[in-house]
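Input: a single structure, listed below in structure tokens.
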Amino acid sequence: MGFLREWRRRRTLKSARLDEALWKGVAAGLSFLRGLSDDDTRRLKELVILFLAEKEMHGARGLVLTDDVRLSIAAQACLPILNLGLDTYEGWVGVIVYPGEFRVQKEEVDENGVVHTFEEELAGEAWPGGPVILSWEDVGMSERGYNVVIHEFAHKIHMDGDGDESYPAARRDMDARKWRKTLEESYQRFCEEVDSGEPTFIDPYASEHPAEFFAVMSEAFFTESAVLARDWPELYAQLALFYKQDPAGKAGG
Ligand SMILES: [Zn+2]
């Protein structure tokens with residue numbers, strides 16, 4: 001199984017290449033890709049080719065997916081797994097892209113056991129073992145520290161890997177207790193900052209739930225790495241071990 005997959009991927013890479021002009025145009029809008037070395041960029045492009053070959057991207061509500069929409073989403077989805085490999089995204093194939101925010105029906109059971117149904121507008125959603133759903137308008141609003149694609153794919157890495165509902169498990173070569181302790185203490189500190197009413201550099205939405213904290217901090221790790229490394233050095237160091245990347249050049253080993 002592993003061998004066949006490797007063989008198929010080598011064959012895909014042999015026969016496919018990215019349109020360089022298209023790549024340059026897409027990469028120009030993603031400033032955080034500029035810090036990558038030439039070798040990292042080359043490996044990212046290979047991952048993107050394989051991602052586009054193995055995943056199925058669909059436009060919803062009439063959205064036509066142009067090559068640059070597909071390429072932009074693939075590039076951002078592949079950045080977090082640059083050193084983890086495409087198998088991190090194993091077991092599902094669908095990426096659904098809406099033109100803007102989309103409505104979903106949610107159900108919640110209150111403490112009396114009563115089920116409440118309500119509608120919510122979302123910029124992105126990820127399902128365990130299932131698709132990633134994105135609003136293209138919100139993908140386009142990405143800026144430093146805010147990135148809906150990295151956010152949703154960080155959820156995928158969390159929910160499809162080991163771990164519990166709060167946080168993903170540490171990688172095998174990490175100190176699992178330190179990872180967990182750093183996440184829990186950082187989350188605690190962040191919630192206190194939000195509660196104090198002080199403006200936070202990180203999106204206050206991160207205080208909603210530990211899983212949201214992990215996803216939002218992952219956005220910052222990749223798109224505003226220097227600020228994260230400065231303000232949250234322990235968390236930055238742990239995320240560098242988790243993602244096996246050091247975008248700010250600060251992990252130091
Ligand atoms: Zn989220």
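The values are calculated or read from the model by the stated rules, or taken from the named source; none is laboratory data. Worth saying up front: this structure is predicted, and the values here are computed from it rather than measured. All Cβ positions, glycine included, derive from the backbone under ideal geometry; neighbour counts span all protein chains shown. Remember, those area values only see protein heavy atoms, side chains included, never the ligands or the DNA or RNA. Shrake-Rupley method; radii C 1.70, N 1.55, O 1.52, S 1.80 Å.
Tabulated data for the structure shown
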| item | result |
| --- | --- |
| Mean residue ellipticity (222 nm) of the chain, computed from DSSP H runs ≥ 4 via -39,500 (n - 2.57), nearest 500 | -15000 deg cm²/dmol |
| Residue-normalised accessible area of the range 98-233, expressed per residue, 1.4 Å probe, Å² | 53 |
| E90 paired with R11, simple spin-label distance in nm, labels 7 Å along Cα-to-beta-carbon | 2.0 |
| With every protein chain in place, the range 169-253: carbon and sulfur % of accessible area (1.4 Å) | 48 |
| Accessible carbon and sulfur surface of the range 3-113 relative to its total accessible area, %, 1.4 Å | 48 |
| Gain upon complete extension [N83, S166; 0.36 nm per residue less C-alpha separation] | 27.5 nm |
| Where labels lie 7 Å past Cα in the beta-carbon direction, separation of H209 and R189 in nm | 2.5 |
| Net charge of Cβ neighbours under 10 Å - reference T88; Lys, Arg +1; Asp, Glu -1 | -2 |
| Pairs beyond 23 Å (Cα-Cα), from K24/K244; K24/K45; K106/K156; K55/K178; K156/K244 | K24/K244; K55/K178 |
| Convex hull projection area averaged over all views, the range 1-62, Cα basis, nm² | 6.1 |
